[in-house]
Amino acid sequence: MKIRITPRRLAVGAGIALLGGAAFFFLAPYNIAASVPHFSPVRWALHGYMQNAVAIRSLTLAPPSYMDPADPALQRLGAGHYATGCASCHGAPGLPRSPIVKGMRPAPPPLNDADFETEEYYWLVRHGLKYTGMPEWSGAHRPDEPWAVAAFMSVYQDVSEEDYREMAFGPSAQDGGRAAVSFGALSGDLSLQESCNRCHGTDGLGRDGMAPKLAGQSATYLADALRAYRADIRQSGFMEPLAASLTDKQISELASHYAGLDGTWRGQTLNDGDAARGEELARRGDEDDDIPSCLSCHDNERRPDTPRITGQDARWITIWLRLWREEPVTSSPGANRMHAAARPLEDEDIADLAAFFAGAEKP
């Protein structure tokens, strides 16, 4: 018997579907309590959809040319943030997950057996996942930063507990490192200063050229930068979680500490770039290409409100100049001016400036 589809029958079917949907919504027969695991088919469907969504959305992703996920320095930077923002849910080599997070639905998985590509890790770290408690990257306008965590995640399964401690805690590993990790801060045995030392070094000269040198910087500039991170005026997924809880007194103490360290240093250079041409650009600019002199602002002796870049590592200078070229990185008063200064720079100009500043001690 052939059933005829008529407008009336369509309307009745739609009404039944609507009533059924309303009944499901208001009676809530599916238990959403975290104490009750998902049915296996539901769990399979959700996890499979997540994997497909991540795989598709990461197909066109690639790290910028100045970042190599195989670089141990980038992996160490990512490990440092992992200890701050990820290990509290996912655990870490030698640090099991908390029983509290195991009770989440879905529970943040241990990552020993995770099977994602580096680009997929990047997408996950940058964008997070809805309905899982996994947040997006906290540093708006800093799409470069999640590559460090993705680089670390790409080697996670091969990292021992000892290696993880060295990668994540660096010079603070001997004094802390086994500290319990909480969101945005490191508690336990690590002091605030030791937490900063993980990336910026006990001498304020950074680690591997991935974090800026702070030794000898102006206390005014350092305090302003920390307050800007705390207020979400300056963006960084690395710095904002750490600065969010700082008091004015702590900011003043940190700024004074780093400003008082020996500021005589040279940076790590790269293999490309013409330092002589970079010096010419830094001192005089290029009027024909609308490139201003860098040292008209970044002379730390005359402008305590701007950072000293002379002697910073070449890779750090390269990253930041490329970021400023794309858009204002912060909402601070000088951001538009810095963006305007960096916008005319070609890759060759940036390489030359990085070569000069990294190899010089004083302006």
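Scan the range 17-48 for residues that are surrounded by fewer than 10 Cβ atoms within 10 Å (Cβ to Cβ) and either of a type in the set (Ser, Thr, Tyr) or in a helix (DSSP H, G or I) (or both) and jot them down.
PHE25, PHE26, LEU27, SER35, SER40, PRO41
Being at pLDDT 90 or above, surrounded by fewer than 21 Cβ atoms within 10 Å (Cβ to Cβ) and charged (D, E, K, R): is that true of ARG277 here?
Against the criterion (at pLDDT 90 or above, surrounded by fewer than 21 Cβ atoms within 10 Å (Cβ to Cβ) and charged (D, E, K, R)), ARG277 qualifies.
Can you name the number of the only condition in (1) free of Cβ contacts under 8 Å to residues at least 60 places away in the same chain; (2) part of a helix (DSSP H, G or I) that ALA62 fails?
If we test ALA62 against (1) free of Cβ contacts under 8 Å to residues at least 60 places away in the same chain; (2) part of a helix (DSSP H, G or I), just (2) comes out false.
For the range 129-144, how many residues meet the condition of being touching a residue at least 24 places away in the same chain (Cβ under 8 Å) and either of a type in the set (Val, Ile, Thr) or out of contact with any Leu (no Cβ under 9 Å at 6 or more places or on another chain) (or both)?
Number satisfying all stated conditions: 7.
Just a yes or no: is a residue in the range 83-90 in a loop (DSSP other than H, G, I, E, B), touching a helix residue (DSSP H, G or I) at 6+ places or on another chain (Cβ under 8 Å) and under 27 Å from GLU162 (Cα atoms)?
Yes, that holds for at least one residue.
In this structure, is THR310 in contact with a His (Cβ under 6 Å, 6 or more places away or on another chain) and over 23 Å from ASP71 (Cβ atoms)?
No, not satisfied.
I'd like to know if the range 252-263 contains one or more residues that are in contact with a Cys (Cβ under 9 Å, 6 or more places away or on another chain), within 20 Å of PRO212 (Cα to Cα) and surrounded by fewer than 18 Cβ atoms within 10 Å (Cβ to Cβ).
Looking for residues that are in contact with a Cys (Cβ under 9 Å, 6 or more places away or on another chain), within 20 Å of PRO212 (Cα to Cα) and surrounded by fewer than 18 Cβ atoms within 10 Å (Cβ to Cβ), one finds at least one in the range 252-263, hence yes.
Give the number of residues within the range 233-251 that are part of a loop (DSSP other than H, G, I, E, B), surrounded by 15 or more Cβ atoms within 10 Å (Cβ to Cβ) and modelled with pLDDT of 90 or more.
Summing the residues that are part of a loop (DSSP other than H, G, I, E, B), surrounded by 15 or more Cβ atoms within 10 Å (Cβ to Cβ) and modelled with pLDDT of 90 or more in the range 233-251 gives 5.
Which pairs do you get when a residue that is under 18 Å from ARG283 (Cβ atoms) and in contact (Cβ under 8 Å) with a residue 24 or more places away in the chain, found in the range 328-351, comes within reach of a residue that is assigned to a helix (DSSP H, G or I) and not aromatic (Phe, Trp, Tyr), reach meaning Cβ atoms under 6 angstrom, with the pair 6+ apart or on two chains?
Every condition considered, the pairs that remain are PRO344/ASP289; LEU345/ARG325; ILE350/THR318; ILE350/LEU321.
If the Cβ limit is 7 Å and pairs must be 6+ apart or interchain, which residue in the range 292-313 that is aliphatic (A, V, I, L, M) pairs with which residue that is in a helix (DSSP H, G or I)?
Between residues of the range 292-313 that are aliphatic (A, V, I, L, M) and residues that are in a helix (DSSP H, G or I), the close pairs are LEU295/ALA282; LEU295/ARG283; ILE309/ILE317; ILE309/PHE357.
Regarding the range 2-9, can at least one residue be identified that is over 30 Å from THR118 (Cβ atoms) and either surrounded by 10 or more Cβ atoms within 10 Å (Cβ to Cβ) or at pLDDT 90 or above (or both)?
yes
Restricting the search to the range 49-71, which residues are small (Gly, Ala, Ser) and surrounded by 15 or more Cβ atoms within 10 Å (Cβ to Cβ)?
SER58
What is the number of the single condition among (1) in a loop (DSSP other than H, G, I, E, B); (2) surrounded by fewer than 20 Cβ atoms within 10 Å (Cβ to Cβ) that ILE309 does not meet?
(2)
Over 24 Å from the mean Cα position of the chain (by Cα) and among the hydrophobic types (A, V, I, L, M, F, W, C): which single residue out of ALA228, ALA215, ALA275 fits that description?
Answer to the check: ALA275.
Given the criterion outside the structural domain of GLY85 (by the TED database) and over 26 Å from the mean Cα position of the chain (by Cα), identify the matching residue among ARG266, ARG283, ARG325.
Residue meeting the stated conditions: ARG283.
Right, GLY201: at positive phi, under 22 Å from the mean Cα position of the chain (by Cα) and modelled with pLDDT under 90 or not?
Yes; evaluated as a whole, the condition is true for this residue.
The values are calculated or read from the model by the stated rules, or taken from the named source; none is laboratory data. As the structure is a prediction and not an experimental result, all values here were calculated from the model. So basically every Cβ, Gly included, is an ideal-geometry build from the backbone, and we count neighbours across all protein chains shown.
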